[in-house]
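These notes concern the structure reproduced below.
FYI, it's all coordinate maths here, none of it is from the lab. Keep in mind it's a predicted model, so treat the numbers as computed, not measured. Every residue, glycine among them, receives a Cβ derived from its backbone with ideal geometry; neighbour counts consider all protein chains shown.
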Amino acid sequence: MRTTNIAELKNHLSSFLADVKRGEEILISDRNQPIAKIVPLHNTSDFSAEELALAAAGILRLPEESEVPASFLKEKRPNLKSETAIKAIIDERDED
């Protein structure tokens, strides 16, 4: 991972973005404090144009991995009655 400060990033943005396109991550610091990281988007072809536009606008965060791990699908599901699940959701909503 490459590290830079804001001034250097502003002065050499094209070069840093070229590095990101090649897969490198860039850590950005402000007065030696890390504040942000630029990372390449992986598998952008997995997303619709609308999803990419929302991500570009900062409204949507694209997942770093596009697939759910197979182990997740093999997990045992909880045995809940729908009324119990609905009540839990409503209770959580009303916590504010």
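Quick notes on this structure:
- Degrees separating the helix 82-93 axis from the principal Cα axis of the chain, which is the longest one: 50
- Helix-only mean residue ellipticity at 222 nm for the chain, each DSSP H run of n ≥ 4 adding -39500 (n - 2.57), per residue, nearest 500: -11000 deg cm²/dmol
- When you work out D = kT/(6 pi eta Rh) for segment 2-68 at 25 °C and 0.890 mPa s, using the Kirkwood radius from C-alpha pairs as Rh and the Stokes-Einstein form, the result is 185 µm²/s.
- Contact order normalised by residue count of the chain, Cα under 8 Å, 6+ apart, percent: 17
- For Leu60, residues with placed amide H under 5 Å, excluding near neighbours: Ala55
- Amide H contacts for Ser29 (H built 1.01 Å from N in the peptide plane; partners 5 or more residues away or on another chain; cut-off under 5 Å): Thr4, Asn5, Ile6, Ile35.
- Highest-fluctuation residue, Glu67, Glu25, Glu83 considered, GNM on the chain with Cα pairs under 10 Å: Glu83
- The chain: antiparallel DSSP beta bridges as a percent of all, rounded to 5: 55
- Scanning the chain for trypsin sites (Lys or Arg not before Pro) in DSSP loops with at most 12 neighbouring Cβ atoms within 10 Å leaves 32-60 as the longest stretch between them.
- Among Ala55, Ala85, Ala18: highest mean-square fluctuation, GNM of the chain, C-alpha pairs under 10 Å: Ala85
- Fluctuation leader among Ile86, Ile38, Ile26 - the chain, Gaussian network, Cα springs under 10 angstrom: Ile86
- In this structure, Asn11 and Leu41 have a Cβ-Cβ separation that, at R0 = 25 Å, corresponds to a calculated FRET efficiency of about 0.55.
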